[in-house]
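Each remark here refers to the structure printed beneath this line.
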Amino acid sequence: MALVNRLAASSSSSSSVAASPCLRRSSSRTRPGIRSVHYTPSGPPPSPFTEKHSPERYRRDRWLYSDSPCQPPLPSSSCGSAAAASSDLDSLRRDDIALQLPELKNLLRVLKDKRERTCGAAGEQCGPGNVYLVGTGPGDPELLTLKAVRVIKGADLLLYDRLVSNDVLDLVGPDARLLYVGKTAGYHSRTQEEIHELLLNFAEAGATVVRLKGGDPLVFGRGGEEMDFLQQQGIQVQVIPGITAASGIAAELGVPLTHRGVANSVRFLTGHSRKGGTDPLFVAENAADPDSTLVVYMGLSTLPSLAQKLMQHGLPPSTPAAAVERGTTPQQRVVFAELKDLADKISAEKLVSPTLIIIGKVVALSPFYSHSFEDASMLVEAK
C-alpha cells in the first residue's frame, strides 16, 4: 500500500480533469498499401496511439473514468482553472492520479480479500501474485505470441503503455482492470518509481499483474529496470518477449536487417539520452559503418544532429534510409530518402511519434524503395 498512501498525500489538492477530445477509431484493420507514402485518413486520425484520450479507452477504463464516451465539459466557471492546469502538466498528472486513487485502493482491498478467502479455504499460506512483462510487438495484434494472448486474457490488472493499441487491449478479459501508465515526451502519466510500486503493491495483494509494453519489454522498454526492482522485493517476474519494432517494421517493408554482402551487422540505438538530453549522439563515430544497418528508436527530434554526425564520421550522404510512423498498423506512413535528405522529408511529411528510422544499404532492397530492383541488385553485386 506504499504507493496508494504516498500518492494520496501528494494528490489531494484537486480532483478535476480537463475534458478530453473524442477521437474516432478506425473500424477496419485493412492496412493501406505501403506504396501510399502520403496516405492521409479522412476525418479525425483513427490512431491507436491516443492514450486515454480515445472514447474506447474511456469506456474500457470506466472503473476509473466516466462511462460516457467523453468526459463532460467543465462548467464555464472552471475554464480559467482548466486553462491554468493545462499549462502545468504535473498538475494534470496529479489530478489524474487523484481520480484513480479511490478505485486503486478498493481494487487492492478486493484482491487481498479474495486471496485470503482462497488461501484460507485451501489451508495454505498466501503468497504473492504473478507478474508478467509482456511485449505486444510493433502494433499489429496478429504479431502477438500465443503465450502473450493467454496471459493477457488471464490477468487481474494490466498496466499498459502508450504504444499498446486498442486492438491488443480488446483481448483483455471482461473482469480485468486496465490502468494507463504511458509516457510521452514532456508528460509521464506515472513516474517509473510509481510504476514499480504499483506492480509491487498488486503483486503483494495476490493479483496476476501484466505489464504491457509495445515492442519487446527488454528493448528500450525499461523492462529490465522493472524486473530488477521486483526481484529485489522477492517477486517472481516472467518476461514474454514481443517482436521489437526494428524486426516487425523492417519485415513489413521487406527490408532485411542483415543481408550477405550488404550488411553484416545491425545496431539498435535510442534517440533519447537517459536524462532527456537533445544530443545523445556520442555513439555516432562507431555507428557510422557502411556495412551495418542502423535502427533508431525514438529518434525524430535528434535525427538532424545524428544524420549530420554520421556523415561527418564517414557514412555516405547517399546511404538509403527510411522513417516509418506507426509501423504495422493501419495508420502506417513511410518516408524513403537518402540519409542527407531524410530529416527534411520527415519534416515535410509531418511524421509524428512513434516513428522508427532505419539507415543502411539494406533499405534499398525493399520492393517499396524508390530505386528499381535492378539498382538494388547492382548494390548487392557491388559488394
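Bear in mind that the values in this text are calculations on the coordinates, not laboratory data. If you're wondering where the values come from, they're calculated on a predicted model, not measured in any experiment. Cβ: placed from backbone, ideal geometry, glycine included. Neighbour counts: every protein chain shown.
For GLY215, the residues whose amide H sits under 5 Å from its own are THR136, GLY137, GLY139, ignoring neighbours fewer than 5 places away on the same chain, with H placed 1.01 Å from N.
Once the Cα-Cα distance is subtracted from the 0.36 nm per residue extended length, the PHE368 to LEU146 segment shows a gain of 76.9 nm. Between the amide H of GLY129 and those of GLU204, ALA205, GLY206, ALA207, distances stay under 5 Å, these residues lying 5 or more places away or on another chain, with hydrogens modeled in the peptide plane. When only alpha carbons are used to place a centre, the range 183-252 and the range 136-180 end up 13 Å from one another. A simple spin-label model places pseudo-atoms 7 Å from Cα toward Cβ; at VAL352 and GLN125 they are separated by 5.3 nm.
In the range 213-356, the ratio of gyration radius to Kirkwood radius, Rg to Rh, stands at 1.00 when only Cα atoms are counted. Label-to-label distance for LYS105 and GLU193 is 2.2 nm, based on points extended 7 Å past Cα in the beta-carbon direction.
Estimated translational diffusion coefficient (Stokes-Einstein, Kirkwood radius over Cα pairs, 10 °C, 1.306 mPa s) of the range 195-236: 149 µm² per second. What shape does the range 135-261 take by its C-alpha gyration tensor, where a ≥ b ≥ c are the square roots of the eigenvalues and a/c under 1.5 counts as rounded, a/b above b/c as prolate, and the rest as oblate? Note, shape of the range 135-261 comes out prolate.
Full extension of the chain segment joining ARG117 with LYS340 gains 73.8 nm, where the gain is 0.36 nm per residue of separation less the Cα-Cα distance.
Annotation: extensible slack from GLN236 through ASP291 equals 15.7 nm (criterion: 0.36 nm per residue apart, minus Cα-Cα distance).
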